Amino acid sequence: MSEKGIVFFPDPYLEATPKDWEMDEYEDVYFEAQDGVRLHGWFVHAPDNRAVLLWFHGNAGNISHRLENLKLLREALQIPIFIFDYREYGLSEGNISKEGTFYDAVGAFKYLVEERKFRQTQILLFGRSLGTALAAYLASEHRCLGVVLEAAFTSTDEMMQLYFPHGIPLKVSAVKYDTISLIDRIKDPVLFIHGEYDFTIPVSMATKLFEKTRAPKKFHVVKGADHNSTYIVGGKKYFEVWRDFLFSCFDYSNDDLFR
């Protein structure tokens, strides 16, 4: 059963491209999800190729709605960024489902390894909101450079209890997002970022995840920010936290590239 309008809010129309935000060095990328669905993304080049950021966005809109954030993050980190749309979002084909997003995440990771020739330990996973479940899932299954979980939630079940305390209005997929059961399997460094006044996903959920995380970890609360304004309200400090985490991942990695 479709969960559009409850879990997913895809927008098929791209409003702009990286070039419109003065990121001329980018490529339109088409690749396959694990189950063969054709997906679309942007690979934005940067000077430092020691690492690459793989970005899993939230449940609404498409990649064109992340361009301001993308530009600022690229300027701060100076590493390439690969951002893509889940099935049925933007120019990606297929029909959205929770199961499908897992296939999409695996496909994007595989693309960077097999087509772009990055080692797994060069990939910095970034999940935001819904995307945190996918980043955490990949990090629990594969070694990576590190993981950034911004506005992370514990599980589908707890989110449904939060939004539908008197009962879910219709049957939803049996496939779950269940980061709380995966977080302690992650071996590489984890950075949690959360808005102080995030009422969409309460900071208490991220705190629960942080407490269960066994890998090297850090928690940064953006004072005064809500669910969508962390990088705006956080300003300079927000991007300093990102840079510090990236460099700490370089130091932590046992990959010969970073010795």
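See the values below:
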read-out	value
For region 190-197, Karplus couplings with θ = phi - 60° (6.51, -1.76, 1.60), whole Hz, Gly/Pro x	10, 10, 9, 10, 8, x, 4, 10
Where N is the number of residues in region 121-224, Cα Rg divided by 2.2 N^0.38 Å	1.06
The chain - Rg and Dmax from Cα coordinates, angstrom	17.1, 54
Packing-based exposure ordering (other Cβ within 10 Å, fewest first) of SER140, SER64	SER140, SER64
Partners for LYS4 among aspartates and glutamates (Cα-Cα distance below 20 Å; same-chain residues under 8 apart left out)	ASP85, GLU88, GLU93, GLU99, ASP104, ASP157, GLU158, ASP178
For region 1-131, size of Cβ-based charge dipole, Lys and Arg +1, Asp and Glu -1, in debye	460
FRET efficiency, 1/(1 + (r/R0)^6) with R0 22 Å, evaluated for THR17 and HIS45 via beta carbons	0.95
As computed over region 170-213, the Cα convex hull volume per residue (Å³)	94
Paramagnetic reach from ARG214 in region 235-253 [backbone N under 19 Å; point 7 Å along Cα→Cβ]	253
Largest-first principal axis extents, alpha carbons of region 1-77, Å	44, 25, 18
D_trans [Stokes-Einstein, Kirkwood Rh over alpha-carbon pairs] for region 33-110, 37 °C, 0.692 mPa s, µm² s⁻¹	255
Value of Rg to Rh for region 43-160 (Rh from inverse mean 1/r over Cα pairs, i.e. Kirkwood)	0.94
Cross-link pairs beyond the 29 Å C-alpha cut-off, checked among LYS117/LYS208; LYS110/LYS176; LYS110/LYS187	LYS117/LYS208
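Here, each number is a calculation from the coordinates, and none is a lab measurement. A quick note: this is a predicted structure, and the numbers were derived from the prediction, not measured. Methodologically, a virtual Cβ is constructed for each residue, glycine included, from the backbone with ideal geometry; neighbour enumeration extends over all protein chains shown.
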